[in-house]
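The values are calculated or read from the model by the stated rules, or taken from the named source; none is laboratory data. Remember, it's a predicted structure, so these values are computed and weren't measured experimentally. Ideal geometry is used to build each Cβ from the backbone, glycine not excepted, and the neighbour counts take in all protein chains shown. Each accessible area value is taken on the protein alone, full model and side chains, heavy atoms only, with ligands, DNA and RNA left out. Shrake-Rupley method; radii C 1.70, N 1.55, O 1.52, S 1.80 Å.
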Amino acid sequence: HLSSGINAEWPLRPGSSNKMVLESTVICVDNSEYMRNGDFVPTRLLAQQDAVNMVCNSKTRANPENTVALLTLGSLKVLSTLTNEVGKVLSSMHQIEPEGEVNFLTGIKIAQLALKHRQSKNHKTRIIIFVGSPIDSDEKDLQRLAKKLKKEKVNVDIVNFGETEENTEKLTNFVSTLNGKEGTGSHIVTVSIGPSLSDALKKSPILSGEDMGGMGGSGFDFIDANQDPDLALALRVSLEEQRQRQEEENKSTGGVGDATPSAGLGDNVDLSQLSEEEQIALAMQMSLAGVEDDMLKAEEPTAASSTAATAEADDDLGDPDVLADVMADPEFLKQVMTELPGVDPSSEAVKSVMGNIQKGNKNKKEDDDDDDEGESAAKKPRKDNN
């Protein structure tokens, strides 16, 4: 099964975070005659195509400025120079045919030379090698090359498959020399017959290590970046923005402040220890950070206005004069009667009631008018006949 086919002893890179790292990567594909074997479905060569596709997408999605190149170890051809256009790399990958024998040392030297002459000098450098053929290189030559790569700060990730019994010891020593006593920048993943290379890489340090931004590098293992790349990128950007906001808050407050639900999500929470539901909730919380406060602020004036309007309407209905005017409106009464369940506005009983209400309101209004006239007359001064 998968767990027995992957060497999981190598730790992840220390201090790894979700920051988007700039990196130039040369992918070396084994296209020797051994790649015709069908122990990996459908063949070793086609199995590499799927894995290369996943690696290229992972690199470029981690940062749009990352570049990838493609080199064959059998024919020793540079099929694609360093570029951030994944389509060019994958198009070249589909043109590869099995030929010759694997040239492990020479291929790495060519890849190193390509990285040395990269245009973006601020990029980190990495070589990812797929090895599915027996390596006949001398052990001393391998150690010498590893020390040279370490000196030039070139990390190497090796996917060892197919001929694992013969190659594992040599490749493990090669990576150990690269890393030295404390380094963990280079990795080797040994895949036995059974699992696909893509599945093995998803759970390997090659993609789940330092800021790879792929299935494991983003910290959101429930997201398949190949199926939903926009969501995976949005989550990484959201996490990066959250970290920047937190750093600014720490600087402004001297590192001391009130704790908020969204503060420090990217630094204080171990995403690998969370369940799928907790990771989804955390992602949504980060994406919506600050939005809820804005919505509450926008709703407060509206709620206050609505409350004031309701109170004003209640005060108006409590005024007898306003209520009388409303009851004297025949159209309003008719509309109210229509909306009442079980009431027929056209019935004689309803018409009689409405007529009496309107008549009573009319008489009351006339009485009020007479009272007003009487008060006005009483206030007038009497004329003195003398």
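Tabulated results
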{"read-out": "Failed item in (1) touching a residue at least 60 places away in the same chain (Cβ under 8 Å); (2) on the phi < 0 side of the Ramachandran plot; (3) outside any helix (DSSP H, G or I), with residue 48 passing the rest", "value": "(3)"}
{"read-out": "Lone unmet requirement of (1) part of a helix (DSSP H, G or I); (2) modelled with pLDDT under 95; (3) out of contact with any strand residue (DSSP E or B) (no Cβ under 6 Å at 6 or more places or on another chain) for residue 174", "value": "(2)"}
{"read-out": "In segment 171-198, residue most open to solvent (accessible area, probe 1.4 Å) [restricted to those that are more than 32 Å from the chain's Cα centre (by Cα) and hydrophobic (A, V, I, L, M, F, W, C)]", "value": "193"}
{"read-out": "Check on residue 110, of a type in the set (Val, Ile, Thr) and over 19 Å from residue 187 (Cβ atoms)", "value": "yes"}
{"read-out": "Qualifying residue in segment 94-102 (condition: polar (S, T, N, Q) and either at pLDDT 95 or above or touching a Phe, Trp or Tyr at 6+ places or on another chain (Cβ under 7 Å) (or both))", "value": "no"}
